[in-house]
Amino acid sequence: MNLHAVRPEAACGKVAAPKGTVVTIGPDAEARHLLRVGLERQGFIVREAATGSEGVEAARLYCAGAVLLDMAVAGPGGLEVIHRLREWSQLPILVLSGKAAASEAVSVLDQGANDYIAKPFIIEELSARLRAAQRFAPPSPPEIFKSGSLTVDLTNRTVQVGNSSVNLSVTEYSLLHLLVRHAGKVLTHAQILSEVWGAEMRNRVNYLRVYLRFLRKKLENPFEPSLFITQRAVGYGIAIRE
C-alpha cells in the first residue's frame, strides 16, 4: 500500500469514516486478504497495511474504528506499533498471534492492547470481539494545538493561520501532525523520515527538507517567523508560542 498516494479527501476529517472501518496490519499478504474477505462478509470495511509504520499511518488516515495487529509484523514490530498507536489514540487494538504464549499476551496487554487472540481463530468470534471492543471504546476528545496564529484541529484535521484555512497535502499534514505531537521538542531527521515516509527512507534528508520548506511557506506568519525549530545536522521541531 502506498500511503502517500492516498487522496486527501480520503483522510480523516474530509470524509467521515464508518465506525466499522478496521485496519489490519500484518506481513502476510495472503493472510491479510483472507482476513479482509471474512471481515467484509461480517459487515466491516477493511484497510490493509504490510508494515508497522504503514499500519500506524493508515490508522490515522482512515480514522480506524479498530486495529487488528499481527505480532509477526516488522518495521517496526508489534509492541512498538502498539506504543505508537497509544501515543495519540485509544482506539481498540486486537492482537493476533500464532504463539499462544501467556508471556506474550501479558506483554501486549500491558503495552495497551485491548485483546489477545491466538491463531487459528473463527472469523465469527473475531468479529464479535471487534464489535465488543468498539462498543466500549472511549470517545476521542477533540484536540486543538495552537502556537501563535497557527491552529491545528487534530480531530478534524483542519489547519488555520489566523482566520484563514490552509490546505495541506496528505504528506504535508502527516509531517505537521508528527511535529505537533512532539511540540517543543526536536526530532531527528531519521525519526521523522521513518515515521512519515517509512524506515527505508530514513536517510533521505532531502525529502524532509523539501516538505518542511512547503510547510514554512504555507504556515509561517510573516509577523511570527521561526514557527519551526531547526537544529542543524540533527532535526526539526515545532515551537510552542503564546
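Readers should treat all values here as calculations from the given coordinates under stated rules, not as data from a laboratory. What you see is a predicted model; the values in this text were computed from it and never measured. With ideal geometry, Cβ positions are generated from the backbone for all residues, glycine too; neighbour counts draw on all protein chains shown.
Both radii are taken from the alpha-carbon atoms of the stretch 56-114; with Rh as the Kirkwood radius, Rg/Rh is 0.94. The length gained by stretching the chain between residue 136 and residue 42 to full extension, at 0.36 nm per residue less their Cα-Cα distance, is 31.9 nm. Considering only chymotrypsin sites (Phe, Trp or Tyr not before Pro) in DSSP loops that have at most 14 other Cβ atoms within 10 Å, the longest stretch of the chain without any of them is 1-120. Taking 0.36 nm per residue of separation and subtracting the Cα-Cα distance, full extension of the segment from residue 204 to residue 30 would add 59.5 nm.
Can you say what percent of the DSSP beta bridges in the chain, counting only those with both residues inside, are antiparallel? Round to 5. Percent antiparallel among DSSP bridges in the chain is about 50. Counted over all Cα-Cα pairs of the stretch 144-238, pairs farther apart than 14 Å make up 64 percent. Look at the dipole of the chain built from charges on Cβ: of 130, 164, 46, the Cα furthest out on the positive end belongs to 164.
Across the stretch 186-242, the volume of the C-alpha convex hull divided among the residues equals 79 Å³ per residue.
Ranking 205, 223, 173 by how far each Cα lies toward the positive end of the dipole of the stretch 144-238 (charges on Cβ) leaves 205 at the top. For the stretch 34-133, a Kirkwood radius taken over Cα pairs fed into Stokes-Einstein (37 °C, viscosity 0.692 mPa s) yields D = 242 µm²/s. Relative contact order of the stretch 3-135: 23 percent, from C-alpha pairs under 8 Å at least 6 residues apart in sequence.
As a size descriptor, the averaged projected area of the C-alpha convex hull of the chain was calculated at 13.3 nm².
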